[in-house]
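Heads up: the structure comes next, in structure tokens.
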Amino acid sequence: MLADAIRAEGYRLVRNRTTMFWGVIFIPLVVAIGGALFNWFNKVQGDRAMAAAGVEIPAGMGRESLNFADGVIAASALGANGVVLVFSLIVAAALYAGDYRWETWRLISARNSRLNLILGKVASMGLVVLAGLILFQIAMVLFGLSQAVVTQRPLGFETDAGRMGEAAGLAAVAWLRIMQYAMLSLLAAVVTRSLLAALFIPFAVGFAQSLLQSLGLGFLGWEAMDWQAILLMPGVAFDTFKLAISPEGNPLAAAMAQAGGPTPPVPPREEVIKAATSMAVWTVVPFVATIAWFQRQDLSKE
Amino acid sequence: MTDVIVTRDLTKTYGSVRALDGLSLTIPKGGVYGVLGPNGAGKSTLFRILLGLIKPTSGSASVMGGHVGDVSAGRRMGSMIETPRYPPYMTARQVLEWLSLAHGLKPDAARVTGWLDRVGLAEAADRRVRGFSVGMLQRLGVAAALITGPELIILDEPTSGMDPPGIQEMRALIRSLADTDGITVVLASHQLLEVQRVCDRVAIMNKGKLVREGLVRDLTASGERLRLSLTPMAPAMALLGDKGSLEGNAVLAAIPRAEGPALLRALIEKGIDIDEARWVGADLESVFMTETGTVQTPEAIHAR
């Protein structure tokens, strides 16, 4: 019967074209099309500037091959960036709060257990997030392709099993990070029965955590990797986990390392355990709280 | 199993309000069973408990032999509570396919088309529900209740928002569900004439309690009354006491035929003008009005 719940939710979600477009397709579309336009614009501007300065580029310069594998890994590292998170919440809010908004619980709640109904929604969200990350990957590949076409550089795919493993690990962590936000959306939806709350409460929590992270924790007397700090800020845990998987987990640091700067340090085991605990808490606790609340909830307007 | 729904001392309170007050009701399998009551009688609360949408405060209820909330029992029934709503981006056909999937059935195009045709939505099958009228939503709600092949369906105001031809179609459909498809239908309605025509048995509720229950033909046959069009009415009601009730601008006297002539003489001697006097059988509306205490009192008549 869990399979019934997943199939039914998936069927309904796929037909909500507005939500699917904004939540899943829009960002990859912007990256692919916008990226191509950006690359072309850059090329045109660069050529104009060179011509105006009377500079001629020596033959062969700037024609080294582009490595597709870099795009794949960058996409994995960036998969849970702030913009993707916000747009993913559109899907989460529609999926989790939709039955309250349309009073359709009465149609399905007698046919399946409440646990399965929630699990069906969570599983559907997981599949949609996975699809979104794949589309994002494709969009980044297309971005690299357009760059190669515009700059007339050959394309290559140089990698090894280790790097591809890192890419897969980064993608998995990105998936989990988006699902963490989706769990907050789930809890907000069930407790408040409001689509707007399901959309904005996770956003507000994330914003507050980002603000705290940027302010630093010195005023609280905490160090960045103290237990209380990392449990309060799953974003720090997420970044730590990414670094543990791959130096490319921090794209800026990775770019600096490629340019000859220092290689980002791999986090020690103790910090990785703290990070994993924080990510688990922020995923499991909202889910368990949701189930507990939903099991006792009156599913009617009264 | 001979009974599809059994409640024992079922109570639901919302703060100080007792929406259901010790309701004990047994609904047998087969036929069409009506649940009547004025607004606030507890009909919708009862249905919501039976569907597992809300939990009772005390007492027990069982549906199809299982406790309410039992999914295996829930899968053997369908329902339509109030004016149904659906995701507006879905078509009627998609709604039924979605509900089939939720029930664990593979969407069967022929089955979906068949039910849409039966409720009169064949031409609107591929239209999005956001453009549906209330009557169309009601029809889709009935189809949604039936798409999974239930043994019991619960319909709350199934003809609400429908035009007269639609009401007639719905009445015929409900009757055919019981007679042809063997589905037990439980419906709540304010359309007492429709209930009298469609239902085999009725339960009359008031203020969360069961006040009368039985076969429709027994309830309506139990009260031949003398219908009197007369003026003024207050002295006539005072003379009749608790044997008198009002029906529109007429007085109904619940007396045996043998006492009719004596009553008419007494009324004339009191100076009451009698325009018409005839014997009538009781209908469900008068039974309902009497049982729910919604007949007008002599004080209200004095105020006229």
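The values are calculated or read from the model by the stated rules, or taken from the named source; none is laboratory data. These numbers come from a predicted model, not from an experiment. Every residue, glycine as well, gets a Cβ built from its backbone with ideal geometry; the counts of neighbours run over all protein chains shown. Each accessible area value is taken on the protein alone, full model and side chains, heavy atoms only, with ligands, DNA and RNA left out. Shrake-Rupley method; radii C 1.70, N 1.55, O 1.52, S 1.80 Å.
Quick check: anything in the range B:17-34 within 10 Å of another protein chain (Cβ to nearest Cβ), outside any loop (DSSP other than H, G, I, E, B) and within 25 Å of residue B:180 (Cβ to Cβ)? Checked against the condition, which is being within 10 Å of another protein chain (Cβ to nearest Cβ), outside any loop (DSSP other than H, G, I, E, B) and within 25 Å of residue B:180 (Cβ to Cβ), the range B:17-34 yields no hits at all.
Considering only the range B:252-260, I want to know if a residue exists there that is over 30 Å from residue B:176 (Cβ atoms), assigned to a strand (DSSP E or B) and modelled with pLDDT of 85 or more.
Yes; the residues of the range B:252-260 include at least one that is over 30 Å from residue B:176 (Cβ atoms), assigned to a strand (DSSP E or B) and modelled with pLDDT of 85 or more.
Of the residues making up the range B:48-89, just one is of a type in the set (D, E, K, R), open to solvent by less than 50 Å² (accessible area, probe 1.4 Å) and either within 17 Å of the chain's Cα centre (by Cα) or more than 10 Å from chain A (Cβ to nearest Cβ) (or both), namely B:48. Look at (1) part of a helix (DSSP H, G or I); (2) open to solvent by less than 10 Å² (accessible area, probe 1.4 Å); (3) within 14 Å of chain A (Cβ to nearest Cβ); (4) not polar (S, T, N, Q) and you find that residue B:166 fails only one, number (3). Taken together, the residues in the range B:1-16 that are out of contact with any strand residue (DSSP E or B) (no Cβ under 9 Å at 6 or more places or on another chain) and either assigned to a strand (DSSP E or B) or surrounded by 15 or more Cβ atoms within 10 Å (Cβ to Cβ) (or both) amount to 1.
Applying the criterion of being surrounded by fewer than 17 Cβ atoms within 10 Å (Cβ to Cβ) and under 22 Å from residue A:240 (Cβ atoms) to the residues of the range A:126-163, the residue that is farthest from the chain's Cα centre (by Cα) is A:162. Do the conditions hold for residue A:246, that is, is it touching a helix residue (DSSP H, G or I) at 6+ places or on another chain (Cβ under 9 Å) and closer than 30 Å to residue A:102 by Cα? No.
Would you check if there is a residue in the range B:216-228 being over 21 Å from residue B:260 (Cβ atoms) and of a type in the set (Val, Ile, Thr)? Even if it seems obvious, please write down each step before you answer.
At the first step, the residues of the range B:216-228 found to be over 21 Å from residue B:260 (Cβ atoms) are B:216-219.
Now drop any that are not of a type in the set (Val, Ile, Thr), which leaves B:216.
The answer is yes; a qualifying residue exists.
Checked against (1) modelled with pLDDT under 85; (2) open to solvent by 30 Å² or more (accessible area, probe 1.4 Å), residue A:101 passes all but condition (1).
Would you mind stating whether residue B:108 is open to solvent by 50 Å² or more (accessible area, probe 1.4 Å), without any contact (Cβ under 8 Å) to a residue 40 or more places away in the chain and within 30 Å of residue B:10 (Cβ to Cβ)? No; evaluated as a whole, the condition is false for this residue. Does residue A:96 fit the bill of being modelled with pLDDT of 85 or more, part of a helix (DSSP H, G or I), surrounded by 20 or more Cβ atoms within 10 Å (Cβ to Cβ) and touching a Leu at 6+ places or on another chain (Cβ under 9 Å)? Considered against the rule, which asks whether it is modelled with pLDDT of 85 or more, part of a helix (DSSP H, G or I), surrounded by 20 or more Cβ atoms within 10 Å (Cβ to Cβ) and touching a Leu at 6+ places or on another chain (Cβ under 9 Å), residue A:96 comes out as yes. State yes or no: is residue A:180 under 18 Å from the mean Cα position of the chain (by Cα) and either part of a loop (DSSP other than H, G, I, E, B) or not aliphatic (A, V, I, L, M) (or both)? Taking the combined requirement at face value, the residue satisfies it.
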